[in-house]
Amino acid sequence: MNKVGIIGAGISGLFIANLFKRNPNYQISVFEKNNSINLEEGYGIQLSVNSVRLLNQIGFNKLKDNKKFNPDKINFYSVKSSNKICDLGISDFNSQDCKYTTLKRSDLVNFLKIDLGDLIKTNHNISKIDQENQKIKLSFENNKTFDCDYLIISDGVFSRSKNLISKNQIQPKYNNTLAIRGIIPSSSNVIDKKNISLFLGSDFHHVIYPVNSNGDLNLIVIMKYNLSSNEQKDYSLFSNENFIKEILNNVPLEIKKFLDGIKELKIFPVFVSNNFFKTKNNNIHFIGDAFFAFPPSFAQGASQSIEGAYELFKSIVNNTEGNFFKNRVKKTKMVYNRSKLNQFAFHLSNPLTKFIRNIFLKRLVKNKKFLGFYLGKIYKN
């Protein structure tokens, strides 16, 4: 029996653990550095059909309807006027049992961990990774060790495991944007509680969408914000009341009305991957943000984490893991380029270029050939 070690109990790590658990030829352990899995409220997730299709293989389609939502379209608005520019029918890519889905991150993580039980080992912070022949030895700060045949690293954009293996050569970069996130209570008055609302502003955009059938809505604001190199390194700033107050004072007026009533507002800097990293050992692989972290402007972070985890699982089971990296890089570059283009288009500040953008948007959202290329190629797996 092959032993598989998974570092990081986030979405990608938990999903691939579920896949291996269903295969009798593999024994798995998931190692999480914290004393519990992160189930913080205040984070919504969008799942396009490419990931829902894969999640359904482990029973996601049986998740209660009050834990998720299926929006039909994305409404584009101008922040300044609140006028609707156009809408995009995302339900066009749906099938009867596989639909574009939004939900709270905590509800997705709860679903992913429920069948894993004591396969998840908390308080295991990796300190050393040794490779000898085809065997891998993991050492943790709690003085425990674990030997495995395969190591899957899914410990996020600031992957400590990647730093250990690469000797700190691979570091993420600041995306020059901050994210402001929270759950808007169902009592709030917003434009459309049944679909995704995307507001385009100058150097910022924000998105509001339902996360369940109870009327709760997720808000995420992505705004340009310069941080010094010291501020980028000091994550404690984002729990400092004075620093948060300074940020909120710089939030555009059009956004502030949505922040009222949010109890647990989260503010954090957006870091993205700078390049790819491949180990010489074909038994060590990266997935999720540890593989590559995208700018949050194409709503594919979670979906690509799930898709990449599934591809790696299939490649290991079929003994084709040598192809995994090449195939995943190709898809990742495709998503990354669209993410960068979206961020550029969403954050335009010149009135003339905004006007031209809006004209193109109105045409492109109705162009099936374009949508098949821009979205359809991503939603296929």
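Remarks
- Annotation for region 60-75: no member residue is more than 28 Å from Leu219 (Cβ to Cβ), polar (S, T, N, Q), free of Cβ contacts under 8 Å to residues at least 60 places away in the same chain and outside any loop (DSSP other than H, G, I, E, B).
- On inspection, Ser159 qualifies as surrounded by 17 or more Cβ atoms within 10 Å (Cβ to Cβ) and under 26 Å from the mean Cα position of the chain (by Cα).
- Options Phe20, Phe31, Phe60, Phe15: the member that is among the aromatic types (Phe, Trp, Tyr), in contact with a strand residue (DSSP E or B) (Cβ under 9 Å, 6 or more places away or on another chain) and within 16 Å of Ala302 (Cα to Cα): Phe60
- Condition met for Lys326 (over 29 Å from Phe204 (Cα atoms), surrounded by fewer than 22 Cβ atoms within 10 Å (Cβ to Cβ), in contact (Cβ under 8 Å) with a residue 60 or more places away in the chain and under 22 Å from the mean Cα position of the chain (by Cα)): no
- First in region 151-174 and at positive phi, second anywhere and crowded, with 21+ Cβ neighbours inside 10 Å and outside any loop (DSSP other than H, G, I, E, B), Cβ under 8 Å, 6 or more apart: Gly156/Gly288; Gly156/Asp289; Gly156/Ala290
- The residue of region 3-55 that is farthest from the chain's Cα centre (by Cα), among those that are outside any loop (DSSP other than H, G, I, E, B) and hydroxyl-bearing (Ser, Thr, Tyr), is Tyr26.
- Meets criteria (surrounded by 14 or more Cβ atoms within 10 Å (Cβ to Cβ), under 30 Å from Glu41 (Cα atoms) and either touching a Lys or Arg at 6+ places or on another chain (Cβ under 8 Å) or of a type in the set (D, E, K, R) (or both)) for Lys137: no
- Filtering Asp97, Asp115, Asp92 for residues that are surrounded by fewer than 18 Cβ atoms within 10 Å (Cβ to Cβ), out of contact with any Ser or Thr (no Cβ under 7 Å at 6 or more places or on another chain), without any contact (Cβ under 8 Å) to a residue 60 or more places away in the chain and acidic (Asp, Glu) leaves a single hit, Asp97.
- Region 230-256 residues that are more than 28 Å from Gln171 (Cα to Cα), paired with ones that are modelled with pLDDT of 85 or more and β-branched (Val, Ile, Thr) (beta carbon under 7 Å, 6 or more apart): Glu254/Val79; Ile255/Val221
- Of all residues assigned to region 14-21, none qualifies as being of a type in the set (A, V, I, L, M, F, W, C), closer than 20 Å to Gln96 by Cβ and touching a helix residue (DSSP H, G or I) at 6+ places or on another chain (Cβ under 9 Å).
- Any hit, region 198-213, residues being in a helix (DSSP H, G or I), more than 28 Å from Lys68 (Cβ to Cβ) and not hydroxyl-bearing (Ser, Thr, Tyr): no
- Test: residue in region 348-356 that is at pLDDT 95 or above, within 26 Å of Gln171 (Cβ to Cβ), in a helix (DSSP H, G or I) and of a type outside the set (Ser, Thr, Tyr): no
- Number of the exception - Ser339 against (1) surrounded by 12 or more Cβ atoms within 10 Å (Cβ to Cβ); (2) outside any helix (DSSP H, G or I); (3) not basic (Lys, Arg): (2)
- Single match in Lys135, Lys67 (criterion: more than 30 Å from Asp147 (Cα to Cα), modelled with pLDDT under 95 and in contact with an Asp or Glu (Cβ under 7 Å, 6 or more places away or on another chain)): Lys67
- The set of residues from region 292-323 being out of contact with any strand residue (DSSP E or B) (no Cβ under 7 Å at 6 or more places or on another chain) and within 19 Å of Leu47 (Cα to Cα) comprises Phe292, Phe298, Gln300, Gly301, Gln304, Ser305, Ile306, Glu307, Gly308, Ala309, Tyr310, Glu311.
The values are calculated or read from the model by the stated rules, or taken from the named source; none is laboratory data. Quick caveat: nothing in here was measured; it's all calculated off a predicted structure. Counting neighbours? That spans all protein chains shown, and the Cβs are built from the backbone with ideal geometry, glycine included.
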